[in-house]
1. Looking only at region 319-374, which residues are farther than 30 Å from F308 by Cα, of a type in the set (S, T, Y) and either under 23 Å from the mean Cα position of the chain (by Cα) or surrounded by 17 or more Cβ atoms within 10 Å (Cβ to Cβ) (or both)?
2. Assuming M97 fulfils every condition listed in (1) under 15 Å from the mean Cα position of the chain (by Cα); (2) surrounded by fewer than 21 Cβ atoms within 10 Å (Cβ to Cβ); (3) not in a helix (DSSP H, G or I) apart from one, which condition is it?
3. Filter region 116-146 for residues that are more than 25 Å from L312 (Cα to Cα) and crowded, with 16+ Cβ neighbours inside 10 Å and give the result.
4. Quick one: what pairs do we get from region 350-370, first residue under 21 Å from A266 (Cβ atoms), second in a loop (DSSP other than H, G, I, E, B), C-beta under 6 Å, 6+ apart or different chains?
5. Considering only residues of region 295-318 that are polar (S, T, N, Q) and buried (at least 17 other Cβ atoms within 10 Å of the Cβ), which is farthest from the chain's Cα centre (by Cα)?
6. Taking G116 as the residue in question, decide whether it is touching a residue at least 24 places away in the same chain (Cβ under 8 Å), assigned to a loop (DSSP other than H, G, I, E, B) and more than 30 Å from K243 (Cβ to Cβ).
7. With region 1-93 as the region, which strands (runs of 3 or more DSSP E) entirely inside it contain at least 3 residues that are farther than 26 Å from V217 by Cβ and in contact with a strand residue (DSSP E or B) (Cβ under 6 Å, 6 or more places away or on another chain)?
Amino acid sequence: MRTQVGIVGAGPAGLMLSHLLARAGIDSVIVEARSRSYVEARIRAGVIENWAADLLAETGVGARMQREGLVHEGIEIGLNGERRRIDFKRLTGRGIMVYGQHEVVKDLIEARLAAGGKIEFEISDTSVHDFDGDAPKIRYKKNGEAREIACDFIAGCDGFHGICRPSIPNGVLTEYDRIYPFGWLGILSQSPPPSHELIYSYTERGFGLYSMRSSSVSRLYLQCAPDEDIEKWPDDRVWKELKARLGPGGDKLLQEGKVLEKGVTAMRSFVVEPMQVGRLYLAGDAAHIVPPTGAKGMNLAIADVLFFSRALAEFYRSGKTALLEGYSKKCLSRVWKAQRFSWWMTSMLHLNPADSPFDRRRQWAELDYVTTSEAASKSLAENYVGLPIA
């Protein structure tokens with residue numbers, strides 16, 4: 001098989017890249033190890049930055065998002081039960097869209113297949129070759145049959161545990177990593193959220209996040225140990241702790257419902273530099289991971305492929321390679337700003353077991369400052385709704 005761009009991974013990065021390339025008249029093929037039903041059901045982030053929501057709408061894959069998504073114009077930050085609102089709309093003129101990542105994936109798959117796009121699901125033994133030259137290849141098996149895609153470029157959009165990044169020779173990449181001493185115990189519940197906007201709750205019991213996927217489905221999180229035993233958290237205990245971390249009146253604000261999903265997520269920050277080697281370009285989680293506190297993961301992936309699609313369009317239009325050569329620098333400038341913001345939000349809101357009483361008091365002072373200072377609130381709001389996309 002021959003195409004211009006071979007894409008490994010059918011997550012938001014790979015699918016959005018294929019969609020953007022098709023709009024520019026550039027052929028692509030996506031290969032994905034999982035089934036279509038699996039990737040469409042994979043629950044992930046749900047906050048879409050303002051510019052990214054506009055991009056989805058402008059490129060023809062945002063109609064359902066605009067109908068079903070929830071526009072939020074702020075968040076609430078709880079300080080031991082006292083909730084203070086950060087008004088995004090007043091501070092920045094913009095808001096965010098709450099719409100599940102798996103719903104974005106569904107919309108993109110439907111759009112690609114309707115347009116005749118090629119997605120190979122349920123493949124195995126994927127490998128990438130010859131990306132140090134001008135004729136890279138992707139090899140894989142489909143139903144036990146060996147296949148090969150010859151292409152001009154390979155996009156590694158296959159996530160942190162994918163095959164693309166490890167295929168780059170040792171010594172070429174530099175990895176930057178931070179492991180946090182806590183995780184999130186999360187549930188997806190068939191129940192209304194306690195507020196129409198997200199609540200980030202700092203308490204002496206630990207952090208709690210009260211989010212949603214719709215007006216009737218809540219996504220709720222508790223700070224826990226990164227290796228927490230989920231078996232020690234029956235539903236009754238989870239609900240009791242969620243109500244306690246919401247603060248006074250939490251038992252009335254938070255309605256219980258059927259728990260549809262439960263799990264523990266460890267927290268980490270990760271960046272690899274550069275994000276390109278030869279004609280292999282990494283995007284999304286293949287190149288960087290952020291703790292979910294800052295709601296940046298999917299947004300960074302979309303930014304990566306937007307920059308890459310522009311570079312490819314310029315190359316195929318004029319033969320110029322400046323944008324391709326500058327891909328890593330362009331992406332990493334945004335990635336590191338998002339890492340800074342995500343680290344800051346995470347450090348400010350979670351109880352670190354290594355912290356001293358001094359650290360706790362400093363943390364409280366920072367939260368108090370952020371929620372009472374116009375300048376500090378605006379800085380948080382600007383980063384949360386999304387820095388300008390250039």
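Readers should treat all values here as calculations from the given coordinates under stated rules, not as data from a laboratory. Source: prediction; values computed, not measured. Note that we place each Cβ from the backbone using ideal geometry, even for glycine, and neighbour counts take in every protein chain shown.
1. Restricting attention to region 319-374, the residues satisfying the condition of being farther than 30 Å from F308 by Cα are 347-374.
After this cut, where a residue has to be of a type in the set (S, T, Y) as well, the list is 347, 356, 369, 371-373.
Result: S347, T371.
2. Every listed condition holds for M97 apart from (2).
3. I123
4. H350/F207; L351/G206
5. Here is the first cut: in region 295-318, the ones polar (S, T, N, Q) are 299, 309, 318.
Still in the running and buried (at least 17 other Cβ atoms within 10 Å of the Cβ): 299, 309.
Working: N299: 6, S309: 19 Å.
So, considering only residues that are polar (S, T, N, Q) and buried (at least 17 other Cβ atoms within 10 Å of the Cβ), the one farthest from the chain's Cα centre (by Cα) is S309.
6. Values: touching a residue at least 24 places away in the same chain (Cβ under 8 Å): no; assigned to a loop (DSSP other than H, G, I, E, B): yes; more than 30 Å from K243 (Cβ to Cβ): yes.
In short, no.
7. Values: elements: 5-8, 28-31, 70-72, 74-79, 82-87.
In region 1-93, 5-8, 28-31 are the strands (runs of 3 or more DSSP E) which contain 3 or more residues that are farther than 26 Å from V217 by Cβ and in contact with a strand residue (DSSP E or B) (Cβ under 6 Å, 6 or more places away or on another chain).
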